[in-house]
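For reference, the structure discussed in these notes is given below.
The values are calculated or read from the model by the stated rules, or taken from the named source; none is laboratory data. Just so it is clear, the model here is predicted, and its values are computed rather than measured. Backbone-built Cβ (ideal geometry, glycine too); neighbour counts: all protein chains shown.
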């Protein structure tokens with residue numbers, strides 16, 4: 001199925017720059033015998049960039065693969081190859097290649113953003129969010145926010161973009177990315193209002209109609225393919241000859257800002273946190289390797305869904321919604337998103353006691369606050385429980401231990417096991433001076 005390029009205006013311009021970014025690869029100094037290869041690789045990568053500019057994906061792949069084969073340790077060459085794979089609709093190969101580029105050049109925001117896009121297209125939303133979190137300092141807020149929304153977390157995207165959109169220096173691209181994030185969250189009236197701050201009423205209505213279809217993808221790669229204007233293709237994977245050699249340490253990216261310090265549980269605590277009866281806890285889902293082309297049913301993105309604005313009929317005298325006079329004033333009407341309590345969500349029965357479920361230890365209370373937000377959104381069983389925490393010093397470094405508790409041991413173990421079944425990380429321990437969390 002050929003993917004139709006989504007008409008986004010300035011929205012997602014930087015995301016689409018994944019196909020147009022120019023990387024300046026540094027030539028490697030070496031012997032005379034290697035200079036020929038240096039020259040050939042530089043010529044190949046220059047041809048790959050020309051093919052990218054002309055949107056010739058397969059040609060760009062051939063040229064970039066040749067360059068990487070000659071000079072596999074140049075991160076920029078691998079970044080160009082990753083762009084070529086994206087343009088060719090080969091998302092699995094793009095993911096592998098951007099991972100290699102980050103291994104060789106950690107902290108490259110453009111590469112990290114592109115890798116997150118490839119992960120989203122592959123259906124790995126958790127991995128994409130980890131990549132975005134790990135590289136948050138090097139990815140522009142506008143791009144990171146929209147990518148978060150595409151990775152299944154539009155609520156966090158709105159809360160990230162909204163304060164920036166209210167600032168005087170906010171540009172149209174950021175506002176459009178906020179509008180699309182609102183649409184993916186089901187807040188259609190807010191999305192229409194924000195989109196209309198930079199568009200005519202007719203164009204804003206047209207964009208909302210496009211987003212209505214965009215928000216309901218039929219397969220995992222539809223949204224990324226539409227943003228980039230590419231056609232997904234069967235992907236045999238990156239050639240084995242291009243893999244980083246065994247001497248090069250392979251890491252997906254910098255570690256996610258999760259646990260800076262998670263002490264090992266004692267035998268007693270480990271026994272307390274052992275999984276409870278399988279009949280009461282749903283097992284963690286087993287995710288199989290997905291084929292190159294498959295149909296994935298997306299879970300609902302929206303916590304609160306607003307009705308899609310109704311467009312006036314042709315020839316109708318009904319007034320169109322007018323864009324607000326001030327962009328900043330209009331953005332002020334949009335409220336931040338709050339994680340709701342899911343109606344009918346199964347709750348773990350716990351009694352009061354002296355045990356806590358530790359979720360992690362973080363560099364600061366601010367990081368711990370963000371971690372609690374992610375955990376409470378990921379697992380509805382935390383609803384109604386207030387976070388607790390305490391400051392600790394380990395090897396001369398200060399951490400903030402985030403927990404939830406004051407439970408009996410069996411209840412704490414069951415709560416932790418339920419959270420693990422949802423993909424979380426935790427363990428049960430006894431009270432160590434935990435107090436109500438102070439997120440300052």
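Here are some conditions: (1) modelled with pLDDT under 95; (2) closer than 13 Å to residue 242 by Cβ. Residue 78 meets all but one. Which one does it not meet? Among (1) modelled with pLDDT under 95; (2) closer than 13 Å to residue 242 by Cβ, the lone unmet condition for residue 78 is (1). The single condition from (1) touching a helix residue (DSSP H, G or I) at 6+ places or on another chain (Cβ under 6 Å); (2) at pLDDT below 95 that residue 103 fails is (1). The residues of region 176-186 that are over 12 Å from residue 161 (Cα atoms) and either assigned to a helix (DSSP H, G or I) or modelled with pLDDT of 90 or more (or both), listed by number, are 183, 184. No other residue among 149, 157 is closer than 15 Å to residue 212 by Cα, in contact with a helix residue (DSSP H, G or I) (Cβ under 7 Å, 6 or more places away or on another chain) and surrounded by 21 or more Cβ atoms within 10 Å (Cβ to Cβ) apart from 149. Yes or no: residue 143 modelled with pLDDT of 90 or more and surrounded by fewer than 24 Cβ atoms within 10 Å (Cβ to Cβ)? No. Scanning region 190-209 for residues that are more than 17 Å from residue 154 (Cβ to Cβ) and either in contact with a strand residue (DSSP E or B) (Cβ under 6 Å, 6 or more places away or on another chain) or in a helix (DSSP H, G or I) (or both) turns up 201, 202, 203, 204, 205, 206, 209. The criterion of at least 3 residues that are assigned by TED's automatic domain parsing to the domain that holds residue 215 and under 10 Å from the mean Cα position of the chain (by Cα) is met by the following helices (runs of 4 or more DSSP H) wholly inside region 42-154: 109-121, 125-134, 141-150.
Quick check on region 71-83. Is at least one of its residues touching a helix residue (DSSP H, G or I) at 6+ places or on another chain (Cβ under 9 Å), surrounded by fewer than 22 Cβ atoms within 10 Å (Cβ to Cβ), in contact (Cβ under 8 Å) with a residue 24 or more places away in the chain and more than 25 Å from residue 119 (Cβ to Cβ)? The answer is no; no qualifying residue exists. Only residues that are modelled with pLDDT of 50 or more and not in a helix (DSSP H, G or I) were counted across region 222-261, and they come to 14.
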